[in-house]
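Visitor: Structure incoming, see below.
The values are calculated or read from the model by the stated rules, or taken from the named source; none is laboratory data. The structure displayed is predicted, hence computed values, not measured ones. Here Cβ is always computed from backbone atoms with ideal geometry, including for glycine, and neighbour counts include all displayed protein chains. Ligands, DNA and RNA are excluded from the accessible area calculation, which covers all protein heavy atoms including side chains. Shrake-Rupley method; radii C 1.70, N 1.55, O 1.52, S 1.80 Å.
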Amino acid sequence: MNMNKDVILTGDRTTGQLHLGHYVGSLRSRVQLQNEYKTYILLADVQALTTHYDQPGLIADSVHQVTLDYLAVGIDPNQATLFIQSMIPEIAELTVIFSMFVTVNTLRHNPTIKSEARDRGYTDLYYGFLGYPVSQGR
């Protein structure tokens, strides 16, 4: 792998099997881009706790299933680095540090958080749900 390539970091919450929407929306592009960029693909199992905190077995099964889905569509582990979020402690550490710079109001007004909370019928938000975008810092 050419170490001078630009870097892409992408991934998915491991909440279940991927579907055609994932393929059309991002997977097809990832397969093409893995040859042009140094590619890292995150299996976001910690973020999956925001919707499946009561089913940890489902999350573990989903990590396996999503990995298989990536391989099935053509993600090549010789071209892209797949990694599991919970196995990289620095992600949690950086999330805590980044959270010192993000206001609660900013998180409450995040369109993704608002729509997911509405769609799931959440009226009172757990911090983990409200704050998970912090780990996706820009």
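Visitor: Which pairs have Cβ atoms under 9 Å, sit 6 or more apart or on different chains, and link a residue in region 38-57 that is farther than 26 Å from Ala80 by Cα and touching a residue at least 60 places away in the same chain (Cβ under 8 Å) to one that is open to solvent by 20 Å² or more (accessible area, probe 1.4 Å) and not hydroxyl-bearing (Ser, Thr, Tyr)?
Guide: Pairs that qualify, where the first residue is farther than 26 Å from Ala80 by Cα and touching a residue at least 60 places away in the same chain (Cβ under 8 Å) and the partner is open to solvent by 20 Å² or more (accessible area, probe 1.4 Å) and not hydroxyl-bearing (Ser, Thr, Tyr), are Thr50/Arg13; Thr50/Glu116; Thr50/Gly128; Thr51/Arg13; Thr51/Glu116; Thr51/Arg120; Tyr53/Gly128.
Visitor: Can you spot a residue in region 83-93 that is farther than 30 Å from Asp6 by Cα and either of a type in the set (A, V, I, L, M) or modelled with pLDDT under 90 (or both)?
Guide: no
Visitor: Collect the residues in region 11-43 that are in contact with a strand residue (DSSP E or B) (Cβ under 6 Å, 6 or more places away or on another chain) and at pLDDT below 95, keeping them in residue-number order.
Guide: Gly11, Arg13, Thr14
Visitor: So how many residues does region 24-49 have that are surrounded by fewer than 21 Cβ atoms within 10 Å (Cβ to Cβ) and more than 15 Å from the chain's Cα centre (by Cα)?
Guide: Adding up the residues that qualify gives 10.
Visitor: Moving on. Confirm whether Ala72 is within 25 Å of His19 (Cα to Cα), open to solvent by 30 Å² or more (accessible area, probe 1.4 Å) and either outside any strand (DSSP E or B) or in contact with a Cys (Cβ under 9 Å, 6 or more places away or on another chain) (or both).
Guide: For Ala72, the condition - within 25 Å of His19 (Cα to Cα), open to solvent by 30 Å² or more (accessible area, probe 1.4 Å) and either outside any strand (DSSP E or B) or in contact with a Cys (Cβ under 9 Å, 6 or more places away or on another chain) (or both) - is met.
Visitor: Take region 59-93 and flag every residue that is touching a Gly at 6+ places or on another chain (Cβ under 8 Å) and among the small types (Gly, Ala, Ser).
Guide: Ser62 - this is the single residue of region 59-93 that is touching a Gly at 6+ places or on another chain (Cβ under 8 Å) and among the small types (Gly, Ala, Ser).
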